[in-house]
Every structure is written in structure tokens, then in C-alpha cells.
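This report refers to the structure that appears directly beneath it.
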Amino acid sequence: MPRKKPRVFIAMKLVPWEREIVEGVLGPLAEVVYLGSPPDPYVGIEEAVAAMAFSLPRNVIERARALRFVQSPAAGVDRLNLEELARRGVVVASARGCNAAAVAEHAMALILALAKRLVEQDSELKRGVWKGYTEETMLLDLEGSTLAIVGYGSIGREVAKRAKAFGMRVLAVKRTPMERPDPYADFVGGPGDLLRVLSEADFVVVCVPLTKETRDLIGERELKAMKPTAFLINVSRGPVVDEDALYRALTEGWIAGAGIDVWWSYPPSEGAPSPRGIHRLPNVIATHHKAGWTRKARERCLRFAAENVARFLRGERPLNLVNPEVGY
């Protein structure tokens with residue numbers, strides 16, 4: 001009698017081409033069960049030894065008694081209850097780096113849109129307004145400007161690579177400073193260098209993971225350290241930046257503006273995406289948390305996630321294992 005295949009639960013809705021990727025990798029190794037419909041979309045998770053999920057409600061974790069491995073199909077794992085999963089002996093892995101190029105492109109798009117006033121110019125022309133060549137209408141150069149990258153991981157490095165192509169000076173900060181020279185950054189320091197790096201920057205890109213350590217990492221002190229002509233771009237997670245402090249910075253002139261793709265709350269929550277209304281401010285370019293949402297990035301993330309689950313099923317050590325104490 002053939003041995004029964006282990007079960008893998010896919011805790012997210014996938015369209016046919018996405019299922020083809022997952023089943024192409026996992027089909028020979030496992031019984032693949034997908035998220036169902038209400039009232040109980042998690043039917044079948046009780047026997048799953050592994051799951052692919054952005055998040056799992058606590059009551060579902062309690063039901064999944066056979067679960068030993070959870071793979072996030074994204075870089076961030078802040079929506080997963082890492083402490084509860086660790087307490088139950090469940091190992092978690094991220095798909096860190098799978099959408100880094102796409103997110104970096106989006107960060108550069110926000111930088112360019114702010115520097116070149118693209119949204120403002122487009123809106124004016126559509127309203128029939130033509131502005132002449134005055135000093136007040138001059139745009140900003142990226143060449144020769146300074147970019148600060150807060151969080152020099154997969155995404156931060158991809159941002160730096162693109163910034164160098166524009167002739168920008170790149171300063172970066174990461175949890176552990178780099179001792180060896182980096183081809184894309186002029187300086188890579190540690191947390192103690194954050195204020196100095198912010199003070200020199202014309203543009204600041206935030207791309208750290210959301211953890212207990214990084215929540216409200218960019219607050220009043222950090223925003224006041226920036227130049228009044230500088231711009232903040234956030235492609236990490238909303239709560240990494242103190243919302244109240246950023247609102248004041250944008251309305252009181254501490255900084256010139258912001259490009260924001262990630263938010264403090266999401267629909268259907270009341271007040272989403274920013275209870276303070278930061279997305280409505282005229283010096284803010286706001287996008288729908290879509291930086292990593294490209295076809296190529298989605299394919300890459302799903303394939304990596306499936307292949308990492310396959311590593312677990314084969315008894316190999318999965319990549320990108322998450323330290324529950326650190327949060328990534």
C-alpha cells in the first residue's frame with residue numbers, strides 16, 4: 001500500500017496560473033489543500049504538516065496540531081503570530097528577496113515623482129494650467145544628491161544599485177554595520193549612525209522589516225534631523241514611521257514631502273490608510289501598498305515559497321528561517 005503524502009495547506013486564494021506554480025513544485029511530494037470558503041475556509045488544516053500563509057488566526061493555529069512549518073510567500077512575516085507558532089514548535093520562513101527588485105523600482109518611482117513633481121504637473125495640465133520657466137518651478141536633480149537607505153537588506157541594496165545608476169551618493173544604515181566596502185553604497189553604518197545619515201540626505205528610503213525593535217523607528221527626533229528640503233519614502237511597513245510625528249513633519253515643514261506605499265491601517269478599518277489623513281496631504285504621493293505587486297515578483301515569490309516547502313518535506317534545511325525573537 002503506497003505511503004500517504006504529507007499535506008500542505010495553502011492559506012490564501014490563488015488563481016489558476018498561481019496554482020500551477022505551486023502544484024508543479026509540490027504536487028509530486030504532497031497533497032495540496034487550498035483555502036476554502038466561509039464559514040470555515042480552513043477545513044483540512046488539521047492534518048497539514050506545512051502551510052503557505054501571510055497570516056494564520058490564533059484559533060486556526062490551535063487547530064493545526066500537525067503543523068511543523070509555515071512559509072510566508074512574502075518578505076515580511078509581521079502578520080504571523082511568531083511567538084505562538086514558536087511555542088508550538090512550528091518553524092517559520094520568509095520569502096525575503098523575492099520581490100526586492102520590484103519594491104526598489106517602486107521606491108525609485110516615488111523618488112522621481114517627488115523630485116520631478118510629476119503628479120503636480122500632470123494635475124495642472126489636466127486643469128488647463130501652464131506654468132512658465134521661473135525659479136519656483138525648477139525641478140530637482142537626482143545626480144549629485146544624497147540618498148539615505150534605512151535598512152540595507154535585499155530591498156535596500158536593490159534601491160542602492162538603482163540610485164547609483166542615477167549618480168546619487170548612497171548612505172545606508174543596517175542593524176549590523178558592514179566592515180567591507182559595498183559596490184553600491186558609499187557608507188554602510190549601524191543604528192548609531194542613523195541621525196547623521198538622515199541629516200545628510202536629500203531622499204530617505206525606509207525598507208526595514210517591522211519588528212518590536214523597528215516600530216516607530218522614524219519618529220520626531222529622526223524627522224527633525226532631516227533637512228527641510230528632504231523627502232521620506234516608505235516601502236517597508238507603516239508603523240515603522242510614527243504617524244503623528246510624520247503628519248507634523250509634513251504640515252509644519254520639517255521635511256518637504258513623502259512618498260508612501262505602506263500604511264498604518266487597511267480597509268475595511270475605519271480611517272484607513274492613515275487615520276491622520278496623511279494620504280490626502282498635497283506634499284505626499286500615496287500608493288496602495290503595491291510596490292512588490294508585479295507579475296514577475298509574484299511568480300518568483302510563489303515559486304520560492306513552494307520550493308522552500310519542498311525542502312522542508314524532503315528533510316532539508318529551509319532557506320530564510322525566521323528568528324522569532326528578532327522578528328525576521
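Take the residues of segment 282-327 that are open to solvent by 40 Å² or more (accessible area, probe 1.4 Å) and among the basic types (Lys, Arg): which is farthest from GLU252 (Cα to Cα)? Here the residue is ARG314. Picking from residues in segment 134-165 that are touching a Lys or Arg at 6+ places or on another chain (Cβ under 8 Å) and in a helix (DSSP H, G or I), the one that is surrounded by the fewest Cβ atoms within 10 Å (Cβ to Cβ) is THR137.
Total residues in segment 85-133 satisfying the condition of being among the charged types (D, E, K, R) and assigned to a loop (DSSP other than H, G, I, E, B): the figure is 6.
Which members of segment 268-281 meet the condition of being within 15 Å of LEU114 (Cβ to Cβ) and either buried (at least 18 other Cβ atoms within 10 Å of the Cβ) or in contact with a helix residue (DSSP H, G or I) (Cβ under 8 Å, 6 or more places away or on another chain) (or both)? If the condition is that a residue be within 15 Å of LEU114 (Cβ to Cβ) and either buried (at least 18 other Cβ atoms within 10 Å of the Cβ) or in contact with a helix residue (DSSP H, G or I) (Cβ under 8 Å, 6 or more places away or on another chain) (or both), then ILE278, LEU281 are the ones that fit.
Identify, please: which residue in segment 231-267 is acidic (Asp, Glu) and closer than 14 Å to ASP216 by Cβ and is, among those, surrounded by the most Cβ atoms within 10 Å (Cβ to Cβ)? Residue satisfying both the conditions and the ranking: ASP242. Return yes or no: is GLU18 at pLDDT 95 or above, of a type outside the set (Val, Ile, Thr) and more than 30 Å from ILE233 (Cβ to Cβ)? Answer is no for this residue.
With the condition kept exactly as written, say whether any residue in segment 173-181 is β-branched (Val, Ile, Thr) and free of Cβ contacts under 8 Å to residues at least 24 places away in the same chain. For segment 173-181, residues β-branched (Val, Ile, Thr) and free of Cβ contacts under 8 Å to residues at least 24 places away in the same chain: present. Scanning segment 303-327 for residues that are part of a loop (DSSP other than H, G, I, E, B), of a type outside the set (Lys, Arg) and either within 17 Å of LEU26 (Cβ to Cβ) or touching a residue at least 40 places away in the same chain (Cβ under 8 Å) (or both) yields GLY315, GLU316, PRO318, LEU319, ASN320, VAL322, PRO324, VAL326, GLY327.
Scanning segment 272-328 for residues that are among the acidic types (Asp, Glu) and closer than 17 Å to GLN71 by Cβ returns GLU299, GLU307, GLU316. Screening segment 12-65 for residues that are part of a loop (DSSP other than H, G, I, E, B) and in contact with an Asp or Glu (Cβ under 8 Å, 6 or more places away or on another chain) and picking the one that is surrounded by the fewest Cβ atoms within 10 Å (Cβ to Cβ) gives ARG65. Taken over segment 38-59, the criterion of being of a type in the set (Asp, Glu) and either without any contact (Cβ under 8 Å) to a residue 12 or more places away in the chain or within 20 Å of GLY315 (Cα to Cα) (or both) is satisfied by ASP40, GLU47.
The values are calculated or read from the model by the stated rules, or taken from the named source; none is laboratory data. Everything quoted here is computed from the prediction, not taken from an experiment. In this analysis, Cβ positions are derived from the backbone assuming ideal geometry, glycine residues included, and neighbour counts consider all displayed protein chains. Calculation scope for accessible area: heavy atoms of the full protein, side chains included, ligands and nucleic acids excluded. Shrake-Rupley method; radii C 1.70, N 1.55, O 1.52, S 1.80 Å.
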